[in-house]
Structure formats: structure tokens, C-alpha cells
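K.L.:
Mind looking over this structure? Questions follow.
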Amino acid sequence: MRQSILPVLTVVLIILGIWYLAAAWMNATWTLQQAERAEQTLTTVEVLQDTMQQDRPKLPAPHQVAVELWETTAEKKITSKRSLVYHGWITLSATLLGFAIGTGLGILLAVGIVHNRAMDMSVMPWAIASQTIPILAIAPMIIVVLNSVGVTGLLPKAFISAYLSFFPVVVGMVKGLRSPAPMQLDLMRTYSASQSQVFWNLRLPASVPFLFTSLKVGIAASLVGAIVGELPTGAVAGLGARLLAGSYYGQTIQIWSALIAAAVLAASLVGIVSLLERLTLHKMGMRT
């Protein structure tokens, strides 16, 4: 346990040290400018102290972000519009819905691609081409089109999440469904197995490890899609809304706290998928 924790703590301490140095360097300019205007001379210690406690720093110090996170999670009611838990739940709802849509669509497309050569030749290139379009460019178009037909609220953000999450699932699932060796497929044919029996008894079980690997990528991409979907709508709730509000009013501490909250949420979602992967593979006898 100690050997596994020590490298992680070392990396965390290095990151915090670099972060503090960067905050002191980036915030010192404003401190020195203010001192020059007031015709004051500050010592190095005084400059460093000021860079660590500015209200609107260029780069907030780690402890400032930690305080903001504590105040907006533990000290706020979860129904409060200033609570990160409230905003996180709004974003999480769109993320999970989009992830479900993207995963379902990705699995269906993968099955069709593996079993139909026409789909393999036509759908797969389009799926790849769709990912070359920047999400920041297509998100406003999706929202405008859906709003024009009366679809508002959670669904537009969910569709953007699905757009980002379905591609990893398609690629991973196709790879997984095609992973059985030719010898295994020949053995199924000698048993006179139908195509559906080959799918359910060989291809699908073989694809499970590939699917979970894709799901871990897809759930993180889905969260990004939900946050991006909140930006062009001028949303008043969600982590994207917190980022927008912070940028409008120059509240860099609020921006960084929302970013850290999004990172923690993404890590938690990936961790849950990883746990489900271990349980599923263990039950299937693929992992001890």
C-alpha cells in the first residue's frame, strides 16, 4: 500500500509546487503595479503574500481553489444556485443521458458494421469523419436546430454528449466483435452454429473487455460534451454555466473550482465504470 501511494503523493506534491510557483510569478505583476501606483516598496515576502490572496488573480493558488470548493460544496445547500453540487448534478444528468444514448447507438452501429459489409464500407467512414468536426463548432448548430423544433432543456446537451461518446464505443466494440480468432470461428461452424449463436456465444463475450475500455473513454467524453453544450446556450445551471459566469465577471477562482469539480466528477465516473468492469469480467471468468 505504501509503495503504491508514495509515487502518487510525490507527483501531487510536484504539481502543487509548480502551481504555487506559477501563481506567484503570474500574480506578482499586478501586485508590483499596485505598489508602484501607491508609491510603496514591497519586500519579497510581502509580494509573495499578496500573490497568494488576491481576489481576482490571474492564476489562483491551490489553497484558494480548495477554499472555494469547500464553501460551494460543504457550506452551501445542494439546492442553492451557488452550490457546485447543484451545478454538478445538472451536468451529470445530461452526461448520463448522453452516455446512454451514445453507448446504445455505438453498440448497434458496431453490430451492423461487423455483420454487414455495406455498413462497414459506408457507415464507418462517416463515423470517423464526424469526429473531425470541432465540437465547439457543431454544438451551437445542434442546439439551434433542436430548439427550432421545440426540443429544449436536457436533451440538446445530451445529444452533444452522445455525439462525443458514441465514436469510442463504435471503434472499441467493432474491434471486440472481430477479436475472436479464425480457429474459434471455424470451431463454431463445425458445430453448425447460426450467426446469432456465434454472436451471443463467441463474439459478444469476447468484446466485453474492449467495450469497457471504450466506455471509460466515452463517459469522460460525454462529460466534456455536456459542459460544452452548456456554453453556447448561456445556461444558468451546470458546470459550464459556472465557467461562463466566472469568465464574465473575471472570477478566476470560481473558474478553477468548476474545472477541478469537473475533473473529480470525470474521475469518479471512470472509476465507477472500472469497478463495473472488474465485477463483470470476474463474473465471466476473464479476471481473477
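The values are calculated or read from the model by the stated rules, or taken from the named source; none is laboratory data. Note that the coordinates shown come from a computational prediction; the quantities given were computed from them, not determined experimentally. Heads up, the Cβs are rebuilt from the backbone with ideal geometry, glycines too, and the neighbour counts pull from every protein chain shown. Just so you know, the surface numbers come from the protein's heavy atoms only, side chains and all, with ligands and any DNA or RNA stripped out. Shrake-Rupley method; radii C 1.70, N 1.55, O 1.52, S 1.80 Å.
K.L.:
Could you grab me the full set of residues in the range 195-219 that are touching a residue at least 24 places away in the same chain (Cβ under 8 Å) and either of a type in the set (Val, Ile, Thr) or in contact with a His (Cβ under 8 Å, 6 or more places away or on another chain) (or both)?
P.N.:
If the condition is that a residue be touching a residue at least 24 places away in the same chain (Cβ under 8 Å) and either of a type in the set (Val, Ile, Thr) or in contact with a His (Cβ under 8 Å, 6 or more places away or on another chain) (or both), then 195, 199, 208, 213, 217, 219 are the ones that fit.
K.L.:
A further question on this structure: Among the residues of the range 123-156, write down those that are among the hydroxyl-bearing types (Ser, Thr, Tyr) and loosely packed, with under 12 Cβ neighbours inside 10 Å. Quick ask: steps written out before the conclusion?
P.N.:
So in the range 123-156, the residues among the hydroxyl-bearing types (Ser, Thr, Tyr) come out as 130, 132, 148, 152.
132, 148, 152 - these are the residues of the range 123-156 that are among the hydroxyl-bearing types (Ser, Thr, Tyr) and loosely packed, with under 12 Cβ neighbours inside 10 Å.
K.L.:
Are there any pairs with C-beta distances below 6 angstrom linking a residue in the range 62-74 that is outside the structural domain of residue 52 (by TED's automatic domain parsing) to a residue that is of a type in the set (Phe, Trp, Tyr), with the two at least 6 apart or on different chains, and if so which?
P.N.:
62/19; 65/256
K.L.:
Let me ask something else about it. Check whether at least one residue in the range 113-122 is over 28 Å from residue 199 (Cα atoms) and either of a type in the set (S, T, N, Q) or part of a helix (DSSP H, G or I) (or both), and report yes or no.
P.N.:
Pass one, the range 113-122, residues over 28 Å from residue 199 (Cα atoms): none.
Checked the range 113-122: no residue is over 28 Å from residue 199 (Cα atoms) and either of a type in the set (S, T, N, Q) or part of a helix (DSSP H, G or I) (or both).
K.L.:
Right, something else. Any residue at all in the range 96-103 that's touching a residue at least 40 places away in the same chain (Cβ under 8 Å), of a type in the set (Gly, Ala, Ser), in contact with a Lys or Arg (Cβ under 8 Å, 6 or more places away or on another chain) and closer than 22 Å to residue 228 by Cα?
P.N.:
The answer is yes; a qualifying residue exists.
K.L.:
Still on this structure, I have one more. Could you list, in sequence order, the residues of the range 138-171 that are modelled with pLDDT of 90 or more and in contact with a Lys or Arg (Cβ under 9 Å, 6 or more places away or on another chain)?
P.N.:
Across the range 138-171, the qualifying residue is only 168.
K.L.:
For the range 194-251, which residues satisfy the criterion of being hydroxyl-bearing (Ser, Thr, Tyr) and either touching a strand residue (DSSP E or B) at 6+ places or on another chain (Cβ under 6 Å) or part of a helix (DSSP H, G or I) (or both)? First the steps, then the outcome.
P.N.:
From the range 194-251, those hydroxyl-bearing (Ser, Thr, Tyr) are 194, 196, 207, 213-214, 222, 233, 247-249; that's our starting set.
Answer for the range 194-251, where residues must be hydroxyl-bearing (Ser, Thr, Tyr) and either touching a strand residue (DSSP E or B) at 6+ places or on another chain (Cβ under 6 Å) or part of a helix (DSSP H, G or I) (or both): 196, 207, 213, 214, 222, 247, 248.
K.L.:
Please work out which one of (1) open to solvent by less than 50 Å² (accessible area, probe 1.4 Å); (2) among the hydroxyl-bearing types (Ser, Thr, Tyr); (3) not in a helix (DSSP H, G or I) is the condition residue 165 fails and give its number.
P.N.:
(3)
K.L.:
Out of the residues in the range 30-64 meeting the condition of being open to solvent by 100 Å² or more (accessible area, probe 1.4 Å) and not in a loop (DSSP other than H, G, I, E, B), tell me which one is nearest to residue 255 (Cα to Cα).
P.N.:
In this case the residue turns out to be 30.
K.L.:
Pick from 5, 101: which is under 25 Å from the mean Cα position of the chain (by Cα), open to solvent by less than 80 Å² (accessible area, probe 1.4 Å) and closer than 30 Å to residue 155 by Cβ? Let's see the steps before the verdict.
P.N.:
Working: 5 fails: closer than 30 Å to residue 155 by Cβ.
Just a single option satisfies the conditions, and that option is 101.
K.L.:
Please find, within the range 75-96, the residue that is nearest to the chain's Cα centre (by Cα) out of those that are open to solvent by less than 60 Å² (accessible area, probe 1.4 Å) and of a type in the set (A, V, I, L, M, F, W, C).
P.N.:
The qualifying residue nearest to the chain's Cα centre (by Cα) is 92.
K.L.:
Going by the conditions given, is residue 247 over 17 Å from residue 99 (Cβ atoms), of a type in the set (S, T, N, Q), assigned by TED's automatic domain parsing to the domain that holds residue 167 and open to solvent by less than 30 Å² (accessible area, probe 1.4 Å)? Give the steps one after another, and end with the answer.
P.N.:
Details: over 17 Å from residue 99 (Cβ atoms): yes; of a type in the set (S, T, N, Q): yes; assigned by TED's automatic domain parsing to the domain that holds residue 167: yes; open to solvent by less than 30 Å² (accessible area, probe 1.4 Å): no.
In short, no.
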